[in-house]
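The values are calculated or read from the model by the stated rules, or taken from the named source; none is laboratory data. The structure displayed is predicted, hence computed values, not measured ones. Positions of Cβ are backbone-derived with ideal geometry, glycine not excepted, and every protein chain shown enters the neighbour counts. Calculation scope for accessible area: heavy atoms of the full protein, side chains included, ligands and nucleic acids excluded. Shrake-Rupley method; radii C 1.70, N 1.55, O 1.52, S 1.80 Å.
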Amino acid sequence: MEYLISDIHGDLNLFKKMLREINFNFEYDKLIIVGDILDRNEYGVKLYKFIKPFVEDGTMELVMGNHELFAIMYMEGELSEKKWISFGGEDTLKDIKEMSDEERAELLEFLKELPLYIEVDTDKYGKAVITHTGISIDTYVFNEDDSINVIRSIEKAAKENLMEYLISLDIHYAPEHIKKSLDRFLFVGHVCTFGLNDDASNKIYRTPYYMNLDCGAGHKELGGILGCYCIDTDEEFYVG
Ligand SMILES: [Mn+2]
């Protein structure tokens, strides 16, 4: 089985609870995390240490989220402590400061190698792309048939301004005809689903063009939980 989880935001315990909930088989199953393992909750660095061996052996994959980029920028001197703390980085920052130079270099290397998107074939949605925010309105690349080339659009957006791409909310505001012309279904996170669902529920947000999996584990004060989607069975799972 192949599963998707997004925006765990340092809640290692809730993540482990989800692995038990879905009966995750480390030998046969695969898990793709749609970005933002760090910040907001306490154990972002512990979560990184927990998933690292599984990313290395291919059991799990992690797509880059804006909070992974914040950590890179901080370690490279491009983001101040104050600014990162304002984005929820306080606990991550504290743990990074306690790391040895070697551990810090390893973390930086791990984060810098993260992909911006992963392609996946699904029975229900056909060819799909898994990426943290979706698309950027200013960087559409069109195919010859006037459909929007999702992969090339993501690459263009990231090349022009990676930070802008990784914090983009554009997919949620794109007009229907634009969403209709995307040449791939999208799996995204980044925006809490209780802000998207008509009934303000924290369940996975589904549209004909994309699915948003950020059920708000980084915002428990607003009722957030952790959601998981199984690509093979179209099932949803929740722990809170
Ligand atoms: Mn995000």
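Numbers below:
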{"quantity": "Residue count, the range 42-58 (criterion: farther than 24 Å from Gly134 by Cα and in a loop (DSSP other than H, G, I, E, B))", "calculated": "3"}
{"quantity": "Candidates Leu166, Leu186, Leu162 - the one that is within 15 Å of the ligand (Cβ to nearest atom), surrounded by fewer than 21 Cβ atoms within 10 Å (Cβ to Cβ) and in contact (Cβ under 8 Å) with a residue 24 or more places away in the chain", "calculated": "Leu162"}
{"quantity": "The range 29-57, subset more than 16 Å from Lys16 (Cβ to Cβ) and not β-branched (Val, Ile, Thr), residue farthest from the chain's Cα centre (by Cα)", "calculated": "Asp57"}
{"quantity": "Residue in the range 202-213 that is farthest from Val34 (Cα to Cα), counting only those that are open to solvent by 30 Å² or more (accessible area, probe 1.4 Å) and either part of a loop (DSSP other than H, G, I, E, B) or in contact (Cβ under 8 Å) with a residue 12 or more places away in the chain (or both)", "calculated": "Pro208"}
{"quantity": "Test: residue in the range 212-228 that is closer than 19 Å to Phe24 by Cα and more than 16 Å from the ligand (Cβ to nearest atom)", "calculated": "yes"}
{"quantity": "Residues of the range 125-154 that turn out to be in a strand (DSSP E or B) and open to solvent by 40 Å² or more (accessible area, probe 1.4 Å), as a count", "calculated": "2"}
{"quantity": "Selection within the range 26-47 - within 16 Å of the ligand (Cβ to nearest atom) and either open to solvent by 10 Å² or more (accessible area, probe 1.4 Å) or modelled with pLDDT under 95 (or both)", "calculated": "Arg40, Asn41"}
{"quantity": "Test: residue in the range 95-114 that is within 24 Å of Tyr210 (Cβ to Cβ) and either within 16 Å of the ligand (Cβ to nearest atom) or not hydrophobic (A, V, I, L, M, F, W, C) (or both)", "calculated": "yes"}
{"quantity": "Which listed residue is β-branched (Val, Ile, Thr) and over 22 Å from Ile33 (Cβ atoms), from Ile96, Ile85, Ile72", "calculated": "Ile85"}
{"quantity": "Residues of the range 169-183 satisfying the condition of being surrounded by fewer than 17 Cβ atoms within 10 Å (Cβ to Cβ) and within 14 Å of the ligand (Cβ to nearest atom)", "calculated": "Leu169"}
{"quantity": "Single match in Leu12, Leu69 (criterion: open to solvent by 10 Å² or more (accessible area, probe 1.4 Å) and within 14 Å of the chain's Cα centre (by Cα))", "calculated": "Leu69"}
{"quantity": "Residues of the range 189-200 satisfying the condition of being among the small types (Gly, Ala, Ser), open to solvent by 30 Å² or more (accessible area, probe 1.4 Å) and either part of a loop (DSSP other than H, G, I, E, B) or away from the ligand (no atom under 15 Å from the Cβ) (or both)", "calculated": "Ala200"}
{"quantity": "Pick from the range 100-124, criterion surrounded by fewer than 16 Cβ atoms within 10 Å (Cβ to Cβ) and touching a residue at least 24 places away in the same chain (Cβ under 8 Å), ranking: farthest from Gly58 (Cα to Cα)", "calculated": "Lys124"}
{"quantity": "Given (1) free of Cβ contacts under 8 Å to residues at least 24 places away in the same chain; (2) more than 29 Å from Tyr3 (Cα to Cα); (3) more than 16 Å from the ligand (Cβ to nearest atom), index of the condition Lys156 fails", "calculated": "(2)"}
